[in-house]
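One structure below.
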Amino acid sequence: MKRLPLLITIGIVVVLVGGYYLYDRFLVKRTTTPWALVPEATIFVYETNDCADCVRKMQETSLWSVFREAAFYGKPTDSLRTLFDFIDTQPRGQLISAHQTRKDDFDFVFYVPLNQLKNKNAMLDAWDKLAQDHRAFNGIQIHEITSRQQTFSWTQIDDVWVGSFTPFLLEDVIRAYTAGNNTLRSKIASLYQMPRSKNDAGNLFINIRNFGVWLNSFATGSPSIVNQIGQASLLDIKTDEQSFTLNGFSLDSASQGYILSVFNNQVPVPFNLKNFVSNRSVMVSSFGISDGVRMGEALKMYAQSKNPGLQDSVKQVNAAAGLSLSTLYQHLGKEIGVCFLESKDRGLSKIVLIETKDPKPWILTFNTIAQKTSMDTIFFERFSDYEIREMPVASFPEKLFWPLITGLKTSFYTAVGNTIILSENVDDLKQFLDDIDKEETWGKSVAQNKFLEGTLLESNVNLYVNTPQVWSILQEVLHPRWQKFVQENRASLETIGMGAVQMSHLNNSYYTNITWTYGKQKGSIAAKADRTDKTVTSFQQGIHKIFVVRNHNTKEEEVLVQDSSRALSLVSADGKALWKVALDQFITGDVTQVDFFKNGKLQFFFATPGQLHIIDRLGNYVKPYPVAIGENDIEFTSVIDYDHSKKYRFLVAGKSGKLWMYDKDGSNLDGWKPKNVESSLSTTPQHHRIRGKDYLIAIRKDGKAYLMNRRGENLPGFPLDLDARPVGDYALEVGNSLATTYFVIVSRDGFRIKFDLEGKVQSRETLIKTAVDARFSLVRELNEKSYLVVRQEARQLTVFDENLKEIVASDFIGNNPSEVRFYNFGGGRIYITLTDLSQDLSFVYDLQGNLLTSLPLESSALVLRPASGDKPKAYYSLGQGLTLMPL
C-alpha cells in the first residue's frame, strides 16, 4: 500500500515531462536567427541596427573607404558593391561575417532575417528569378548565379536568407547549422548576451584568435600575442569627423590560457611611459600593472602551462648568478612597455621600458647576472649621463615578462630615473636616450598628447600605432597582393592617423576601446595649393650658401644664409631675417649645432680660414669665440662628442693633409698639433664609437686610409693603401662584432671596396659601367642609415641603392657637375635630390625613382627637411632669393 503514492507521483512526473516534450517538439514554432548560423571559424561579425544615419556617417569616413577597397580588391566590383551597400536599407539584426578564403584573401557571408522584412516574398521571388543553377548540400537547396567569372551563392535556412560570393563559405554555414554546436554564438554565449547600444552604426563581434590568424593574410609574421590575447570582443561602432571608435567588452578564459588572464588581479593604470616614448616610435605596446608580485606569479603560472622550457632557462640563470629573478617583481612599478622603431634595414627594432619602484635592485641584479654569465670582458660604455652595459643572457627580457615581451636575443641596458631601458642594439639605445634628452617624446608632443586624451586614460593592455609611419615597414613584409594594394591606394591610406587598442580589467571582463583617427584626402585644389612656391626672403647681395638649422625653442626649421658679402643671417620659419653678423671669410664646410652650455639651447659652430666660430641663435658670439687657429687652408671640419657628454672636440682638416683637434676652449690638443696624413682628404674625417671603442678615420684622395685613436695614433694595420681613388663619402657597416664591421668606399673608376678595423681589405667589387668614361661615387644618407652609389656617364646619371638596384636614371644631367643628396626621414619618407650645378636645376625623387618635381627647381643649392605630412619641405636658393616649397 505504501508504494501507491510513489507510483502515482512518478506517473504524474512522466506525464508532465512527456507532455512538455511533445508540446515543445511539435507545437512550438522555433525561429532560426542569423546568429544561429554563423560558423565558429568566423573572423568577425558586423551586426546592423536601426540607426541609418549612424551607418551613413560611418560610410563617409576615409577608414570605411579603405576597408571597402580592401574587401573588393582584385574582384569584380559592380555587383559586389551593390550587395555590400545593402546595409543602408536592410533591417536591424542583419549580419555580415568575414572569413579567410586563401592565404592572402578573405570574403564575406551575408545574413538577412526574413521575418523582419515587409517585402519578404518579393525579395525571394526576385532572387528566384536570378538563379541559374541549383544544387543540394546536406539536404539544403543552394542557388547560384555566375557573372564576369564571379559566382554568387545563396540559400534560405528557415527564416534566414544567406548569401556569399565564395560558395564553400555557404557550405560552412550549412555545416554549422546542421551540426548545431559549431557556431560562434555557442562559443561566446556570455559575450553574446551582453547589452548592445541602439544609437550607433552597429555592433562588431571579433573572434580574437581567428582575427590574429587573419592578419597573416596581409603580412607574414603576425605577432603571436594577437592570437592569444583573449577569446572574443563585442564592440559598438561610433564615428565622428576625426575618429573611428569601437568600444565594448572582451572576454578572457583562464581555462583556455588566454593572455588577458594574467591581468585578472590587476587594476588599470595611467600611461605614464609616454614621457619616455621616442617620437620616432612606429608602435608602442604597454601593460599596466598595479601589483608587481601578483603579476610575477601570474606570468610564471602562464609560462608553466604554455612554455615550460622557459622556466628551465630561468632556473639556469638563477643558478649561474646565485640569485632569484622573481625577487625583482616586488620592485616592479606600474608599467612595462615595448617601443618599436624603424631600424636601418627598414625593419623594426625594439626598446623595452620597465618602470620600477626603485631601479637599484634591478641594475644590481642585472650587473650580477652579466658578471656571472659573461664568457668575455663585460661591455661597458658611458653615454652622456648614462651607463650602458650588456646582458650576455640570450632573450633575457623574455625570462621576466613572457609572453608580454618577446625577442631581444641580446640586450644592452641602462636606467633613466626609475625606468630601466633595454635594447638589442647599442646604437638604437643611444639614439633613444638622445631623443629623451632632447624631449623628443610623446609626453612632450602636443599632437601625441591630444590623441592620447581621446583614448582610455587608464588601462591594462595597450597598443598604440603611429599609422603614418607603418606603411613603409609593412611594404617589406606584406604579401605581393597587398603590397600592390598599398601602392595603388597610398592617398587613402595616408589619411589614417594614430590608432590605439586598449583593454582595462573590469569585474570579470575587459572594457575594450579601439580608436583610430583619420583626416580627409587632399583634392587636386588643395594639392595645387600645397605646391605653390613661397619665397621666404630675398637678399640685396647674392646668396653664397644656405644651412637649414633648428630652433631649439619652437622645434621649427630656420635658415642660416651667407651672402656674397660674407655676412651671415638667420632667417626664421616665417621668412623674417632675425639678425646679421659680418664675417671676414666664407664658411668652409658645414654648420653644426652644438649645445655648448649643456642646457638644451643650441648654438652654431662653423669655421672660416684661420678661425673657429660659435654664435648663439640671437647672433652673439659665445666666449672665447671666434678663436684663431693655425690652419688657413681649411678643407673639412667635424664636431666630435665622444660619449655624448657635450665635451666637444673640433676636428679641422687642411688641404695639405694636416689634422688639428681643438677642445671647447679653442686649445689645440696633444697628438693633433697637427697630425699630418701628408695629402688632401677625399671627405670629412670623422669619429665613430664601435662596441665602446673610439675610432677616427681619414681617407686621402689617393686611396690611403688612416684609422686612429683619440690621441691621433695610427691603429695596427693603418695606414692602409686601398689601391683606388675614392670619390664622395665613405659608409660604415656595423656588424655584430668588431670583426664584422666594415668601412665602404667607391672608387672613381668603379670599384666598391670594403675594409675592416684591422686594416685588411675584405672585398673589392667591380661595378657595372656602360661607357668607358663612367665615373662613380658614394653618397651617404644624411643620418648614416645607408648609402647610394652614383654612376655618371656622358648621357646619363644613374643612382643605385647599396644593393646596386637601380633607383634613378636621369638624362637631364649626364656628366655635368652635380650634387646628389640622400635623405631618410623614417616612415618610408626617403628622398634623393639631384642638382645640376652647371644649369642650376634640381630634381627630387622618392626611393621608388618617382620624380616628385614635375618641373625642375631653379636652384644652386637644395636642402630637404621632413614636414608634418608625407612629403618633405624643400629649401633652395638661386641668386638673391631663398624659397621654401612643400613638395
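In this structure, is GLY879 closer than 21 Å to VAL561 by Cα and of a type outside the set (Asp, Glu)? So GLY879 fits the description; yes. For the stretch 676-710, filtered to residues that are part of a loop (DSSP other than H, G, I, E, B) and of a type in the set (Lys, Arg), the residue that is farthest from the chain's Cα centre (by Cα) is LYS701. Checked against the criteria, GLY589 does not count as small (Gly, Ala, Ser), farther than 26 Å from SER680 by Cβ and either touching a residue at least 24 places away in the same chain (Cβ under 8 Å) or in a loop (DSSP other than H, G, I, E, B) (or both).
Every residue, every condition in (1) outside any helix (DSSP H, G or I); (2) in contact with a Phe, Trp or Tyr (Cβ under 8 Å, 6 or more places away or on another chain); (3) in the same structural domain as GLU424 (by TED's automatic domain parsing), yes or no:
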| position | (1), (2), (3) |
| --- | --- |
| LEU328 | no, yes, yes |
| GLU335 | yes, yes, yes |
| VAL338 | yes, no, yes |
| LEU341 | yes, yes, yes |
| ASP345 | yes, no, yes |
| SER349 | yes, yes, yes |
| GLU355 | yes, no, yes |
| LYS360 | no, no, yes |
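Scanning the stretch 477-492 for residues that are loosely packed, with under 13 Cβ neighbours inside 10 Å and charged (D, E, K, R) returns GLU488, ARG490. Listed conditions (1) within 22 Å of ALA573 (Cβ to Cβ); (2) assigned to a strand (DSSP E or B) are all met by ALA809, apart from (1).
Of LEU341, LEU273, LEU325, LEU353, all but one fail to be more than 30 Å from ASN783 (Cα to Cα) and of a type outside the set (D, E, K, R); the exception is LEU325. When the stretch 135-154 is filtered for residues that are in a loop (DSSP other than H, G, I, E, B) and in contact (Cβ under 8 Å) with a residue 60 or more places away in the chain, the ones remaining, listed by number, are ARG148, GLN149. All conditions in (1) under 25 Å from the mean Cα position of the chain (by Cα); (2) hydrophobic (A, V, I, L, M, F, W, C); (3) in a helix (DSSP H, G or I) hold for LEU246, with the sole exception of (3).
Among the candidates ILE807, ILE832, the residue that is modelled with pLDDT of 95 or more and over 23 Å from THR883 (Cβ atoms) is uniquely ILE807.
Only one of the numbered conditions (1) at pLDDT below 95; (2) assigned to a helix (DSSP H, G or I) is not met by LEU433, and that is (1). Taking (1) at pLDDT below 90; (2) of a type in the set (Lys, Arg); (3) surrounded by 13 or more Cβ atoms within 10 Å (Cβ to Cβ) in turn, LYS520 satisfies each apart from (3).
Restricting the stretch 746-759 to residues that are in contact with a strand residue (DSSP E or B) (Cβ under 8 Å, 6 or more places away or on another chain) and assigned to a loop (DSSP other than H, G, I, E, B), the residue that is surrounded by the fewest Cβ atoms within 10 Å (Cβ to Cβ) is ASP749.
Criterion applied to ILE369, ILE351, ILE378, ILE363 was being more than 30 Å from ILE830 (Cα to Cα) and buried (at least 19 other Cβ atoms within 10 Å of the Cβ), and the one residue passing it is ILE369.
Inside the stretch 802-830, residues that are within 30 Å of GLY497 (Cβ to Cβ) and either in contact with a strand residue (DSSP E or B) (Cβ under 6 Å, 6 or more places away or on another chain) or aliphatic (A, V, I, L, M) (or both) make up a count of 7. The lone criterion from (1) over 23 Å from ILE753 (Cα atoms); (2) touching a Leu at 6+ places or on another chain (Cβ under 9 Å) left unmet by SER854 is number (2). Selection of the stretch 87-115 for residues being part of a helix (DSSP H, G or I) and modelled with pLDDT under 80 yields ILE87, ASP88. Among the residues of the stretch 448-475, those that are part of a loop (DSSP other than H, G, I, E, B) and either among the aromatic types (Phe, Trp, Tyr) or under 24 Å from ASP846 (Cα atoms) (or both) comprise ASN466, VAL470.
Evaluation of ARG209 against the conditions (1) touching a residue at least 24 places away in the same chain (Cβ under 8 Å); (2) surrounded by fewer than 22 Cβ atoms within 10 Å (Cβ to Cβ); (3) in a helix (DSSP H, G or I) shows that the sole unmet condition is (1).
The values are calculated or read from the model by the stated rules, or taken from the named source; none is laboratory data. The model shown is predicted, which means the values in this text are computed figures rather than measured ones. Note that each Cβ is placed from the backbone with ideal geometry, even for glycine, and that neighbours are counted across all protein chains shown.
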